[in-house]
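Some notes on the structure that comes next.
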Amino acid sequence: MEFNRFDIVEAHYLFLTQYHEGQWSEKYSRLSKITTYFKPARSGITLTDNGLEIYNNLVQQELAQ
C-alpha cells in the first residue's frame, strides 16, 4: 500500500481526538499542533483504506501499552 501525507495526518488526527488523556497530555499537544495545518471537513473524517490501516495500527499500539 502507498500512504500519502493526507492519509497519515487524517489518521493521526482521528486517533489523537479519541485517545488523548486531557488538555495537558502529550497526545493533546500533538493534536493541537496538527490543527495548525489540518482542518477536517465539516462532514467529518472519512478515512481511506490506507488511512484506516494507519489508524488501526495506532489503536493497536495504544492498547498494547
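Dipole magnitude for the chain: about 360 debye, using +1 per Lys or Arg Cβ and -1 per Asp or Glu Cβ, origin at the Cα centre.
Provide the convex hull volume over Cα atoms per residue for the chain, in Å³. If you can, show how the numbers build up before the last one.
Working: hull volume 5.8 nm³, N = 65.
Each residue corresponds to 89 Å³ of Cα convex hull volume.
Going 7 Å from the Cα of N56 toward and past its Cβ, which residues in the stretch 15-41 have a backbone nitrogen under 16 Å from where you end up? Of the residues in the stretch 15-41, 15 have backbone N under 16 Å from the label point off N56. Rounded to the nearest Hz, the phi-derived 3J(HN,Hα) couplings of the stretch 54-65 under the Karplus curve 6.51 cos²θ - 1.76 cosθ + 1.60 (θ = phi - 60°) are 4, 4, 4, 5, 4, 5, 4, 5, 5, 6, 6, 6, where x marks glycine and proline. Protection proxy ranking of 53-63, 37-47, 17-27, 3-13, by the mean of other Cβ atoms within 10 Å over each peptide's residues and highest first, is 3-13, 53-63, 17-27, 37-47.
How high is the relative contact order of the stretch 5-64, given as a whole-number percent (alpha carbon pairs under 8 Å, six or more residues apart)? Can you show the working numbers first?
Numbers: 42 pairs, mean separation 28.7, N = 60.
48 percent.
No lab work stands behind these numbers, since they all come straight from the coordinates. Treat the numbers as computed from the prediction; the structure is a model and nothing was measured. Positions of Cβ are generated from backbone atoms using ideal geometry, with glycine treated the same way; all protein chains shown enter the neighbour counts.
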